[in-house]
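Before any comments, here is the structure.
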Ligand SMILES: Cc1cc2nc3c(=O)[nH]c(=O)nc-3n(C[C@H](O)[C@H](O)[C@H](O)COP(=O)(O)OP(=O)(O)OC[C@H]3O[C@@H](n4cnc5c(N)ncnc54)[C@H](O)[C@@H]3O)c2cc1C
């Protein structure tokens, strides 16, 4: 008779794709399940773990990154193994993992961006915020990009925290950034930057903005930066006034914006203009490069369902900007062989169980967590209960699962497969070697770390002091 899955005789074998917060919270939740013995192998695209905590969170938000200590603790469990520098869909495929794991969790985040859908959007100088964020954070895919920061004015389209990060990095004194883990190439470029003014465009009003209040307040604390708010934007319509009664963050934001209005002497060298009720309409270009952005003033209209929609008034103006970053949402990318919902940019699921979108049928043994599951919303902490709920679905399904063949349960099989494919995978101890190296370089410069931004350099540093994974 077959032993029950998840016992010492037959530990549950789980593969997890991705190494961001959602992945680590899922691993932690699995290890904390009572009476469940589980072995987890994590596969990640880069040698470096932590997903957007390393590649997204702004360099001047260092304290937020300390959350990785919790993930490191999870990684000390002997039933955890890390295989970095292994891309699912390119280096390993679903049909290779299915025979080796009882359950697979997709924790791949949202790797792409949404478009504005306006003429001129693809001119040189108009970019998704995703790649600018990746560039200043040393994401290997974007480290060789160059942004022409020789213009004085930049538009950032969007009213979420990512838009706030991008605007803040553009106006912060580079010498303040020099004390962070910002990528060296970005610091160098920002030191030469001529950018003086950033327009932050939100299509709806301040009450509907999704940025959080600490991020808004940060602008008021930046050395050498004036915050400019249009008083018209703070004359709220009745529906927005009503929304304030139940929305604490919006109330705080409106209070902060009203405080910014009190400053009428704009004497500081750099400025951030909050332009609410403003939509981009067309990007103008000269010689193939952005030369301006036509925007339209909106008003808010109450919909049948009570929500407020931005409606163009026909009143337009042209912002004299040389660079545009759109931050109108991240979006998932389909994984080879895994169901994908093009409309939402997520992996279709019910309570974390991956389903076939057309038939609604559950894909046996496949699960999803984090931004890949629910779209690009929520802070790091939001992923913890979200991952737990998927793990609860996984555990509930165990009784009905036959599990993989016993002959495929050997933990060495995946290592052999990766080696046979000639893959230079990175273990968690390997990553720790690189981590120490980066921190060491940082110490010498009074910075938290100096990031290594090329995969081949990362591998070289690791290989100089390789230690085997148990
Ligand atoms: C610019 C930005 C700034 C943010 N700042 C903050 C902040 O200050 N505070 C806060 O609380 N939250 C912040 N967030 C939100 C937070 O980063 C997310 O909630 C969180 O990272 C989502 O976790 P995730 O694990 O779903 O995705 P991710 O963090 O994106 O992790 C996905 C992982 O999957 C890997 N992967 C993708 N495809 C493959 C593949 N095919 N094969 C193998 N691996 C793959 C990636 O390499 C990555 O490791 C920010 C987000 C962004 C975009």
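Taking the Cα centre of each part, how many Å lie between the range 1-41 and the range 85-160?
29
If the chain between residue 464 and residue 223 were fully stretched, how many nm would it gain, using 0.36 nm times the residue separation less the Cα-Cα distance? Before the final figure, lay out each step's value.
Numbers: separation 241, 0.36 × 241 = 86.76 nm, distance 4.23 nm.
Additional length available on full extension: 82.5 nm.
Taking 0.36 nm per intervening residue step and subtracting the Cα-Cα distance, what contour gain separates residue 411 from residue 76 on full extension? Spell out each step's value before the answer.
Values: separation 335, 0.36 × 335 = 120.60 nm, distance 1.70 nm.
Length gained, residue 411 through residue 76: 118.9 nm.
Could you tell me the calculated FRET efficiency between residue 96 and residue 148, based on Cβ-Cβ distance and R0 = 56 angstrom, to the nearest 0.05? Before the final figure, lay out each step's value.
Details: r = 43 Å, r/R0 = 0.78.
Efficiency for this residue pair is about 0.80.
Show that you can apply the helix-only estimate: for the chain, add -39,500 (n - 2.57) for every DSSP H stretch of four or more residues, divide by all residues, and state [θ] at 222 nm to the nearest 500.
On the way: 16 runs with 143 residues, N = 470.
The helix-only estimate for the chain comes to -8500 deg cm²/dmol at 222 nm.
Rounded, prolate or oblate: pick one for the range 26-179, where a ≥ b ≥ c are the square roots of the eigenvalues of its C-alpha gyration tensor, a/c under 1.5 means rounded, and failing that, prolate if a/b is larger than b/c, else oblate. Intermediate values should be presented prior to the final figure.
On the way: a/c = 2.67, a/b = 1.81, b/c = 1.48.
Verdict is prolate for the range 26-179.
Which whole-number value in Å³ per residue fits the convex hull of the alpha carbons of the chain?
Values: hull volume 75.9 nm³, N = 470.
Taking the convex hull of the Cα positions in the chain, it is 162 Å³ per residue.
If I take R0 = 25 Å and measure r between the Cβ atoms of residue 379 and residue 69 in this structure, what FRET efficiency does the formula 1/(1 + (r/R0)^6) give, to the nearest 0.05? Walk me through the numbers before you get to the answer.
Working: r = 17 Å, r/R0 = 0.69.
It comes to 0.90.
How far, in degrees from 0 to 90, does helix 428-444 lean away from the longest principal axis of the Cα atoms of the chain, to the nearest 10?
So the inclination is approximately 40 degrees.
For residue 32, project a label point 7 Å along Cα to C-beta. Then give me every residue of the range 361-387 with its amide nitrogen under 18 Å of that point.
369-370, 379-387
Using Cβ counts within 10 Å as a stand-in for footprinting exposure, how do 172, 256 rank, fewest first?
Details: 172 23, 256 18.
Least to most surrounded, the residues fall as 256, 172.
Each label point is 7 Å from the Cα along the Cα-to-Cβ direction; what then is the distance between the points at residue 268 and residue 401, in nm?
Rounded to a tenth, the inter-label distance reads 5.3 nm.
Which percent, nearest 5, of DSSP beta bridges in the chain are antiparallel? Don't skip to the answer; put the middle values down first.
Details: 25 of 67 bridges.
If we restrict to bridges inside the chain, about 35 percent are antiparallel.
Set the Förster distance to 41 Å, then compute FRET efficiency between residue 357 and residue 432 from the Cβ-Cβ distance, nearest 0.05.
Details: r = 40 Å, r/R0 = 0.97.
According to the calculation, E is roughly 0.55.
Measure off 7 Å from each Cα along the Cα-to-Cβ vector at residue 194 and residue 419, then give the distance between these two points in nanometres to one decimal.
Using points 7 Å along Cα→Cβ, the separation is 5.7 nm.
Shape of the range 356-470 from its Cα gyration tensor (a ≥ b ≥ c, root eigenvalues): rounded if a/c is under 1.5, otherwise prolate when a/b > b/c, or oblate? Don't jump to the answer; show the numbers that get you there.
Numbers: a/c = 2.71, a/b = 1.49, b/c = 1.82.
Verdict is oblate for the range 356-470.
Taking 0.36 nm per intervening residue step and subtracting the Cα-Cα distance, what contour gain separates residue 112 from residue 302 on full extension?
Working: separation 190, 0.36 × 190 = 68.40 nm, distance 3.11 nm.
Full extension from residue 112 to residue 302 adds 65.3 nm.
Could you check the simple spin-label distance between residue 334 and residue 232, using points 7 Å along Cα→Cβ, in nm with one decimal?
4.4
Need one word for the range 56-129: rounded, prolate or oblate. Basis is the Cα gyration tensor (sqrt eigenvalues a ≥ b ≥ c); a/c below 1.5 gives rounded, then a/b vs b/c decides. Could you put the intermediate results ahead of the total?
Working: a/c = 3.48, a/b = 1.43, b/c = 2.44.
Judged from the Cα gyration tensor, the range 56-129 comes out oblate (a/c at least 1.5, b/c at or above a/b).
Quick note: the coordinates plus some simple rules give every number you see, no bench work behind them. What you see is a predicted model, and the numbers here were worked out from it, not measured in a lab. Here the Cβ is made from the backbone with ideal geometry for all residues, glycine too, and neighbour counts use every protein chain on show.
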